[in-house]
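A.B. asks: First, the structure itself, so that you have it in front of you.
The values are calculated or read from the model by the stated rules, or taken from the named source; none is laboratory data. Model, not experiment: these values are computed from the prediction. Every residue, glycine as well, gets a Cβ built from its backbone with ideal geometry; the counts of neighbours run over all protein chains shown.
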Amino acid sequence: MNLFSLSDLKALQEEHANDPAYDIARKHTRNQLVWLHERIYAEMRARRWDIYFRPEWSLTLAQVTAEHPSVAALRLRYTKSEYVARLMQKNFGGVVTYDTLAWLAVGIDARGVFVEWCIPAGAKLDAENFVAKLAQGSPEKKTIRQVLAELGGEGVLTLRAVHEEILRVRCARLVDLNVLNNTLAKYVSGVHEWNLAMHLAVTDARLQTSSAPDELLYRLAQLYGLHQFAVWSPRNDFLKHAKTQFTSGTPPQ
């Protein structure tokens, strides 16, 4: 039996995503993500990954509410520590929330199961750190091209502005320096969401309940390399002379 089933996708389809009648079905699917977290998070900590689970934020809501009128995807998200978030706030000003940080996630939508690395539009600091690092020269671009090559043909990068898709390109094409440069030229930090995802069908044999945690953790590990390469941290600081300001949100609790 697989961790998720085709019936899990129905509640996330466009015609049902804003229907409260499907809240119970989405809650069941969300519970499967809770089960998955319980099996992979200890291994993340054992490997000393610098990403963390936040109970109040990491699991997205399954219920339709006035604040969240549509639930088209469910995610189990991991991001940087509260200490680093507060250090960012101290060094660069403004207010930093978990929603203004890059994240790694496992999730499910109407297409199937996905693993993703996302720099949301609000994560301007992480985005500018990423762009500034790549601007250092060819060694940095060579490194990211090598990591992208390891993703094979399954990874897809999408740039979005609000609900508009700006660009969609397979990671296998980003290994080409010209394609990478053209993509980066279209990416505007603080405006575009950078989302790199790998999708798997819920019926994929690799997602059987017994093997799904290892399979999804393996894919998270592939994206973790990109996350560590790009996002701001005291050890990965390419914004030493930047004057970036955050002006919205509330501090992580």
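A.B. asks: Pairs under 7 Å by beta carbon, first residue closer than 18 Å to residue 44 by Cβ in region 221-240, partner among the hydroxyl-bearing types (Ser, Thr, Tyr) and surrounded by fewer than 21 Cβ atoms within 10 Å (Cβ to Cβ), six or more apart or different chains?
C.D. replies: From residues that are closer than 18 Å to residue 44 by Cβ, the pairs are 229/143.
A.B. asks: Looking at residue 239 and the list (1) within 22 Å of residue 51 (Cα to Cα); (2) in a helix (DSSP H, G or I); (3) among the aliphatic types (A, V, I, L, M); (4) modelled with pLDDT under 95, which single condition is not satisfied?
C.D. replies: Single failed check for residue 239: (2).
A.B. asks: Under the condition of being assigned to a loop (DSSP other than H, G, I, E, B) and touching a Ser or Thr at 6+ places or on another chain (Cβ under 9 Å), which residue from region 191-218 is farthest from residue 129 (Cα to Cα)?
C.D. replies: Among them, the one singled out is 203.
A.B. asks: Of all the helices (runs of 4 or more DSSP H) wholly in region 1-115, which have at least 3 residues that are more than 17 Å from the chain's Cα centre (by Cα), at pLDDT 95 or above and charged (D, E, K, R)?
C.D. replies: 23-46
A.B. asks: Next up: Here is a list of conditions, (1) within 28 Å of residue 92 (Cα to Cα); (2) in contact with a Phe, Trp or Tyr (Cβ under 8 Å, 6 or more places away or on another chain), and residue 121 meets all of them except one; can you say which number that is?
C.D. replies: Checking residue 121 against (1) within 28 Å of residue 92 (Cα to Cα); (2) in contact with a Phe, Trp or Tyr (Cβ under 8 Å, 6 or more places away or on another chain), the one that fails is (2).
A.B. asks: Looking only at region 204-213, count every residue that is closer than 15 Å to residue 32 by Cα and out of contact with any helix residue (DSSP H, G or I) (no Cβ under 6 Å at 6 or more places or on another chain) and tell me the total.
C.D. replies: Residues meeting the conditions: 6.
A.B. asks: Counting only residues that are assigned to a loop (DSSP other than H, G, I, E, B) and buried (at least 17 other Cβ atoms within 10 Å of the Cβ), how many does region 148-162 have?
C.D. replies: 1
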